[in-house]
Structure formats: structure tokens, C-alpha cells
1. For the chain, what is the mean residue ellipticity at 222 nm derived from helices alone (per DSSP H run of n ≥ 4: -39500 (n - 2.57); sum divided by total residues; nearest 500 deg cm²/dmol)?
2. What full-extension length gain, to one decimal in nm, is calculated for ASN60 and ASN183 as 0.36 nm per residue of separation minus the Cα-Cα distance?
3. Which lysines, if any, have their Cα less than 19 Å from the Cα of LYS72, not counting same-chain residues under 8 positions apart?
4. Expressed as cubic angstrom per residue, what is the convex hull volume of the alpha carbon set of segment 165-230?
5. Multiply the residue separation of ASN115 and PHE44 by 0.36 nm, subtract the distance between their alpha-carbon atoms, and state the gained length in nm to one decimal.
6. Of the residues LEU122, LEU84, LEU133, which exhibits the maximal mean-square fluctuation in a Gaussian network model of the chain defined by a 10 Å Cα contact cut-off?
7. Run the simple label-point estimate for GLU90 and ASP103 please: 7 Å along Cα→C-beta, distance reported in nm.
8. Just need the relative contact order of segment 130-231 here, percent rounded to a whole number, with Cα pairs under 8 Å and 6+ apart.
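What follows draws every value from the coordinates through simple rules; no lab data is involved. What you see is a predicted model, and the numbers here were worked out from it, not measured in a lab. Glycine also receives a Cβ, built like all others from the backbone with ideal geometry; neighbour counts cover every protein chain displayed.
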Amino acid sequence: MQKLDLNQKVLIVSNHQTTGPLWVFTLQQQKLDVALEAVPANVFQRASEELPDLIVLDINWPENLLVEMVKKLRTETVVPIILLTPMGTEEFQLNAYLAGVDDVITKPTSPSLFNAKIKVWLRRAWTVSPDTLEPLAVGKLQLQPELRSVTLPNGQAVRLTNLEFRLLYFLMSRAGRPVTTDNLIQHVWGYAGEADSTILKNLVYRVRRKIEKDPAKPVYLQTSPGLGYQFSTDSR
């Protein structure tokens, strides 16, 4: 059986006083790195800070708000998302899957089944291991895979989300060469979810806001008209 990488991190988002800590304890017994967020509205900030390999949602919210949360998460990350929920309607579960959830676990559920689900999805997690990637430097911009950060010419280190890192690493490793929109979408999102040119454009915009002095006049992450994007080798 394939072993789990003990460096993998699970982010549990739960506003339940009993089950949230229970899931944390259960996974920590498996020697996994676990973070707990008790305020659901903070999930996007915590996901950006923690860079988890898997997200578990165990939230007492209306079904429509949960679906909207998942949709928004899917624009930020490709990691598996597991939703724990009381027995709901088939329509809700379908909407959750369409929004980007990878698995729906109906409560109550046993810690053993919960652990099994986590292990399966961590093995399937489509993540880039920082141990296999070398730092990149193009011009005065430096990308640190292990830290998931980029160092700007002024020395400031800026943290990147999972998707931002994938996009920037892919383009910087091919600096000076245009990369098609389809190629970028396939590499950044892989088979973990669907994306289109609009979602890619929004991701490019977010990266430009982090690395460009003037995002409206990008020096680094440039558009290749009619093709896609490229990272400029002439960046200063």
C-alpha cells in the first residue's frame, strides 16, 4: 500500500465545537499535519496561509452558502475538498459535486471511515512537491518552491496560493517562450477540476497584482496576443 507523505497538511474548517476537534485529533493520531479553522468565513485566508493538501468542510451553514463557498474555493485551489454534511437532498449533493467537491460524507460517520476517506484523497491529491523543485530566478525575481513564495526586486517575499505558485513556476521555467492558454489550464488545474480562459485570466490578474509594480503594464507576466502568456526574460 502506498504510504502517506507525513508532511501533507489537512485543513479542517468546522464551526462545530465537538466534531471539529474530534477530526483534528483523529488525523493527528495518524501523524498528519492538521490545521483547524473554526470561523468558516476565514477559510480562504487560512487556505492561502496553510497551503493544505486537502480541505475538509464540516460547517453548519445553509446549503446554498456551502455550495457558493466551494465554488469560490475552486477558483483558489485544486486540492481535494471533502464535505461533511447531514443527510441532505440529492439535489444538494449534486450541486456540491458540480461546485467542485470531491467527496460528500454523510454524518454521522465513524472516525475509521473518516480516516479511510482522508487517506484515499491524500494519495490522489494532485500537488507539487517542493522537494522535487529547484528555486527559479529570472531577472531579479526569485521563486522559492519550498516556501511557496516569490522574492521581488526590492527584497520583499510574497506568499503565493497553490494555483498562483503553479502558474508562476510553469511560466518562469519556460521564460521567454509563449505558453498557450490550453496548456496553462491543463498544467495548473490538471484533472482535479474544470477551468476556462476566464478563470485563468483572473488567476493571471492575481499574480500580476503580487509581482508587478503596475499590474496594468506588466513587465514580467506578459500576454501573448491570440496565444496565451509568457514570462519575460527581459524583466528587470
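1. After summing the helix terms and dividing by residue count, I get -11500 deg cm²/dmol.
2. In short, 40.4 nm is gained.
3. Straight-distance partners of LYS72: LYS201.
4. Per-residue hull volume (Cα only) is 82 Å³.
5. So the extension gain works out to 23.2 nm.
6. LEU133
7. About 2.3 nm separates the two model spin labels.
8. It comes to 23 percent, rounded to a whole number.
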